[in-house]
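Notes to accompany the following structure.
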């Protein structure tokens, strides 16, 4: 993917949708393409995470051991919690189909939080919305 394609893609990912253009440009330059074949492990529960992932194409199975938690698809993301809080991965992720992902390292993610305050605020607001929505879902179940 060229930088412009990455910027357009990132703009359509919920976590980064409100991020200003300068932050998206930085993030697009920092994001590396990663390809995984169906069945391949991407992250393992209990490992310390050094990156997060965005799904450009394909499906990713989120699981704890053999228990399926969810299947996520294009424009979804995973692995963000470990790069934010430094704790071990709370679940595993495996490619359910062949996948094209963008990988953002902990180092690059932290740089954007430090250097682009407006981008950091947009990310925090998106994560807060996600947590609030998740809590509301559990309350209504």
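FYI, it's all coordinate maths here, none of it is from the lab. Source: prediction; values computed, not measured. Positions of Cβ are generated from backbone atoms using ideal geometry, with glycine treated the same way; all protein chains shown enter the neighbour counts.
Miscellaneous remarks
- Computed FRET value (nearest 0.05) for residue 87 with residue 34, which takes r as the C-beta separation and R₀ as 35 Å: 0.95
- Computed from label points 7 Å out along Cα-Cβ, the spacing between residue 120 and residue 135 is 2.3 nm.
- Restricting the calculation to alpha carbons of the chain gives Rg and Dmax of 14.7, 43 angstrom.
- For the peptides 9-16, 118-125, residues were scored by their other Cβ atoms within 10 Å and the scores averaged per peptide; the highest-first order is 9-16, 118-125.
- Across segment 55-81, the residues whose backbone nitrogen lies under 13 Å from the label position 7 Å along the beta-carbon direction of residue 44 are 65.
- Between segment 43-65 and segment 82-141, the C-alpha centres lie 11 angstrom from each other.
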